[in-house]
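The values are calculated or read from the model by the stated rules, or taken from the named source; none is laboratory data. As the structure is a computational prediction, the values presented were derived from the model and not from experiment. When we count neighbours, we look across all protein chains shown, and the Cβ atoms used for this are built from the backbone with ideal geometry, even at glycine. The protein model used for the area step is the full one, side chains on, heavy atoms only, and it has no ligands, DNA or RNA in it. Shrake-Rupley method; radii C 1.70, N 1.55, O 1.52, S 1.80 Å.
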Amino acid sequence: MPTTPKIQERVDALRELLHHHAHRYYVLDEPEIPDAEYDRLFRELQELEAQHPELLTPDSPTQRVGGKVLDGFVKVRHKVPMLSIRTETDIEASGARNFDARVRRELGLPESAPPIEYVAELKFDGLALNLRYENGMLAQAATRGDGEIGEEVTQNIRTIGQIPLRLPKDAPPVLEVRGEVYMRRDDFERLNELQREKIAKGAKGEKTFVNPRNAAAGAVRQLDPSIARRRPLSFFAYGWGEITPPEQGGPAFTTHFETLLTLRSWGFPVSTRTQLATGPEELVAFHQAVGKERDSLPFDIDGVVYKVNSLELQKRLGFVSREPRWAVAHKYPAQEQMTTVESIDVYVGRTGKLTPVARLSPVFVGGVTVTNATLHNEDEARRKDVRVGDTVIVRRAGDVIPEVVAVVPDKRAQHAKQFTMPHHCPVCGSEAVREEGEADYRCTGGLFCGAQRKQAILHFAQRRAMDIEGLGEKLVDQMVDGGVIKTLPDLYRLGLNALASLARMAEKSAQNVLAALEKSKNTTLPRFLYGLGIRHVGEATAKDLARHFGKLDSIMDASVEELLEVSDVGPVVAESIHTFFQQKHNREVVEQLRACGVTWEEGEAAVRAPKPLAGKTIVLTGTLPTLSRDEAKDLLEAAGAKVAGSVSKKTDYVIAGAEAGSKLEKARELGVAVLDEDGLRDLLAVR
Ligand code: IVH
């Protein structure tokens, strides 16, 4: 194919892109695009170079192993180069069969020759490490770097408990062990949790990690060993470099598997999933079995690796451009892909919870086509700062719901607008509120909101509320889905015809439901209140409210302060009741229910408990003889006092018990009245 300027341009562009992303990945440990995307660009360049060999240059990204030496680390020249593995991108069973066929062909084996023995291993998703032992002691640990020259990271590696610092007597004088440093998924989650806490506290220069591989790479190549020490790392051995040769008293290994078992006997962690496999079909079986286990493994893998077991055959097969012919990596479908955000919608759940959801251009990831990814809640959405039009990395592992891992910053449009959580329910328009200490916004239009309809009706009908016999989940589903009822009052407007028209509803049962509805109209205020499904209002609170106010209208019109006077109603509950009845829609539903004939006996408001200490500020200190600190606080607050933590001029009384300290001194200094437990009881007049 003739080379055109267009092809030259594309090749240049690909090289530039690959250089940029390789730098982000290998040097900065901060990739901007998923591995699968990198692989795609890499393959495109490889193909163009194969078609147009005249365009190939020695500095093309296809011509090196990847990785670069970071300034600040001592450079180490590997005694035996650290190779790469050829990747089989055919993720089907044929990938394994092709490898076996290639090996047999390259060895010149006739079809009648017996099957080849392989070692099948996991392809750990971490970073490669060379551990050099001299006279049984860990002398040096180095990263792969560009395969020839790596970085000396011995200090950081010494902190990994799984890596032996000294070897048993039977180990050879020179031994280089190769393997993968990685971070377990649970360790990764804990680390990110810690990082989030630090960031929340305003720590500078801290960040969360995109995935365990990056967290591990970052820890290994951390210039400050004290930071590296706090990052939990693990290690698996899967190979070796220089070893004292048999002529000089070193071990005479003949197979890869035997070598791994010996490494294990010397104290190195070798995965228990590493196994022998004879012929291509056993490789296929391994690939499939591991594929099923993949999501339940405690660490990430991105494929499996097959290696010819016989070291003699390995030698005969040799290498092509730094990739041994005797090994291959067989991949699985990528669990991360890139796509764009078309919109960010807010989904309302059955309980009124608002969840921001990114609508994506369809993308095939983790084995399925994904079009939505949850952004969980306001804080998460803000932390990831996902915007409409953004290019994002989407992850789907196993049956876990797909999520947006990160935004690709370079691809953001200039005027992309930050997402803000709506303060109104997108389904019914009622106010959406986020309570203190909660992560979620919730719709407060419980009775009216279409998204919460089924839940609201079931709650209303349950035995402990309106007790509408026969109105269960199936019937509610049918009625709501069939458009027979939309809001609670519709229940009482149902006619026999409408009910009997529902599938599987005989006239007799329809009559029974109508009778149950009729009967339920005669109820009590606590049952009705509880049935409304106000957040935080359980049966007990409903009873307290009814007892305190006597009438529904008084509750509906009560201010937050008035609600706070009800025993056991704190600020969160008071706020929730108040907001609920502030919603016009909710009030309408209540009115309509009354108009439909729902009634109860109303009572008088309870006599207000006296608040002898209203407006007083009191400080507790030391140990009281009979009352605990909490009991004393409860008594004081019930009497209307404010209990404060420190003494000031505004303090009215200090209640001091045994071993009272500085607060007592301060009270004396300021001339604040000091009382003991008896004095406290006098104040409360409950002696
Ligand atoms: S063997 C001669 N075995 O994959 C082959 N590598 O591109 C040398 N890796 O950087 C590597 N699991 O970090 C080998 N079981 C395994 C592996 C494995 C993960 C990584 C390794 C290397 C890359 C190969």
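Key figures
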item	result
Selection status of Glu282, within 23 Å of Tyr118 (Cα to Cα), of a type in the set (D, E, K, R), more than 16 Å from the ligand (Cβ to nearest atom) and open to solvent by 30 Å² or more (accessible area, probe 1.4 Å)	yes
Top-ranked residue of segment 438-457 - restricted to ones that are without any contact (Cβ under 8 Å) to a residue 60 or more places away in the chain and open to solvent by 40 Å² or more (accessible area, probe 1.4 Å), ranked as nearest to the chain's Cα centre (by Cα)	Glu438
Filter pass, Val589 being crowded, with 16+ Cβ neighbours inside 10 Å, at pLDDT 90 or above and of a type in the set (A, V, I, L, M)	yes
Single condition His536 does not satisfy, out of (1) open to solvent by less than 40 Å² (accessible area, probe 1.4 Å); (2) closer than 21 Å to Arg434 by Cα; (3) without any contact (Cβ under 8 Å) to a residue 60 or more places away in the chain	(1)
Every residue from segment 597-629 that is without any contact (Cβ under 8 Å) to a residue 40 or more places away in the chain, on the phi < 0 side of the Ramachandran plot, touching a Lys or Arg at 6+ places or on another chain (Cβ under 9 Å) and not charged (D, E, K, R)	Thr617, Ile618, Leu620, Thr623
Considering residues of segment 107-163 that are within 14 Å of the ligand (Cβ to nearest atom) and of a type in the set (Phe, Trp, Tyr) only, the residue nearest to Pro245 (Cα to Cα)	Tyr118
Segment 28-56 residues that are touching a residue at least 60 places away in the same chain (Cβ under 8 Å), paired with ones that are among the small types (Gly, Ala, Ser) (beta carbon under 7 Å, 6 or more apart)	Asp29/Ala217; Asp29/Gly218; Pro34/Ala334; Asp35/Ala334; Ala36/Ala334
Segment 476-515: number of residues that are open to solvent by less than 50 Å² (accessible area, probe 1.4 Å), farther than 29 Å from Ala540 by Cβ, part of a helix (DSSP H, G or I) and of a type in the set (A, V, I, L, M)	8
Strands (runs of 3 or more DSSP E) wholly inside segment 623-675 containing at least 1 residues that are exposed (fewer than 14 other Cβ atoms within 10 Å of the Cβ) and among the aliphatic types (A, V, I, L, M)	673-675
Every residue from segment 414-437 that is within 27 Å of the chain's Cα centre (by Cα), open to solvent by less than 60 Å² (accessible area, probe 1.4 Å) and not aromatic (Phe, Trp, Tyr)	Ala416, Met421, Pro422, Cys425, Ala432, Val433, Glu435
Residues that are open to solvent by 40 Å² or more (accessible area, probe 1.4 Å) and under 21 Å from Ile85 (Cα atoms), drawn from segment 236-253	Tyr238, Trp240, Glu242
Test set (1) in a loop (DSSP other than H, G, I, E, B); (2) under 40 Å from the mean Cα position of the chain (by Cα) - Gly603 fails condition number	(2)
Of all residues in segment 539-577 being touching a helix residue (DSSP H, G or I) at 6+ places or on another chain (Cβ under 7 Å) and under 25 Å from Asp490 (Cα atoms), the one that is surrounded by the fewest Cβ atoms within 10 Å (Cβ to Cβ)	Glu539
Single residue of Ala373, Ala329 found to be modelled with pLDDT of 90 or more, closer than 30 Å to Val103 by Cβ and in a strand (DSSP E or B)	Ala329
Number of the exception - Val103 against (1) within 15 Å of the ligand (Cβ to nearest atom); (2) among the aliphatic types (A, V, I, L, M); (3) farther than 30 Å from Arg77 by Cβ; (4) under 39 Å from the mean Cα position of the chain (by Cα)	(4)
Residues satisfying the stated conditions in segment 80-94, i.e. within 16 Å of the ligand (Cβ to nearest atom) and among the small types (Gly, Ala, Ser)	Ser84
Selection from segment 300-315 of residues that are within 11 Å of the ligand (Cβ to nearest atom) and among the basic types (Lys, Arg)	Lys307
Residue check, Pro31 at pLDDT 90 or above, part of a loop (DSSP other than H, G, I, E, B) and under 29 Å from Ala219 (Cβ atoms)	no
Unique residue being more than 24 Å from Thr524 (Cα to Cα) and in a strand (DSSP E or B) when the list is Arg383, Arg442	Arg442
Pairs with Cβ under 7 Å, 6+ apart, first in segment 83-111 and under 17 Å from Ala36 (Cα atoms), second away from the ligand (no atom under 15 Å from the Cβ) and outside any helix (DSSP H, G or I)	Ile91/Pro333
Hey, Glu518 exposed (fewer than 14 other Cβ atoms within 10 Å of the Cβ), under 18 Å from Arg594 (Cβ atoms), out of contact with any helix residue (DSSP H, G or I) (no Cβ under 6 Å at 6 or more places or on another chain) and free of Cβ contacts under 8 Å to residues at least 60 places away in the same chain or not	yes
Scope segment 188-208; condition touching a helix residue (DSSP H, G or I) at 6+ places or on another chain (Cβ under 8 Å) and either closer than 18 Å to Trp266 by Cβ or open to solvent by less than 60 Å² (accessible area, probe 1.4 Å) (or both); matching residues	Phe188, Leu191, Asn192, Thr208
